[in-house]
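Nothing in this text is a laboratory measurement; each read-out follows from the coordinates by a stated rule. The structure presented is a predicted model; accordingly, all values stated were derived computationally and were not measured. Because the Cβ atoms are built from the backbone with ideal geometry, glycine has one as well, and the counts that use them run over all protein chains shown.
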Amino acid sequence: MRKASLLVVLLALTLMLAACGGSGQEATPAAPQATAGDAARGQALFNKTVLNGNAGCVTCHSLTPGKALIGPSLAGLARRAGDMVPGQSAEQYIHLSIMDANAFLAKGCNASRPEMPCVANIMPQDWPRKLSEQEVNDLVAYLLTLK
């Protein structure tokens, strides 16, 4: 009898605690939302010749098709970025290319041999420390307009 009473009390407490939770589901912390990038701010960042102490994007990347400066031309990047790495969207590929430039070495740095991959470490490796997540998102938003 004593066990049955204890079981009833425990069941009642469990039901009361569940009722206090509203829907009966545990609250889960909201996942951090990626802040949407602003293409106009991204374009302004891209066009800086010096960006947070490094050579800016425009210093090394042309927007003219087939014109390699130090890095490959970014003309038409939005059209082809989603096909560069299987399983990555254009947005993911561009973001990774900024934050970990050696993760995938694009082709087109050498104008006379455009089929050759770019050399590792040619792009600054410290963008994760030099750019805020918002700046990266802004650059990605701008680069996604380059169709």
### Query
What chymotrypsin sites (Phe, Trp or Tyr not before Pro) in the stretch 30-138 are in a loop by DSSP, with at most 15 other Cβ atoms within 10 Å of the Cβ?
104
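Starting with the fewest neighbours, write out 41, 113 ranked by other beta-carbon atoms found within 10 Å of each beta-carbon. Could the numbers behind the result be given before it?
Values: 41 16, 113 11.
The most exposed by this proxy come first: 113, 41.
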### Task
Sort all Cα-Cα distances of the stretch 39-143 into consecutive 10 angstrom bins from zero, then give the percent of pairs in each bin up to the one containing the longest distance.
16, 52, 31, 2
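What does the charge count near residue 41 come to, summing +1 for each Lys or Arg and -1 for each Asp or Glu among other residues with Cβ under 11 Å from its Cβ?
Numbers: positive: none; negative: 38, 135, 138.
So the surrounding residues net to -3.
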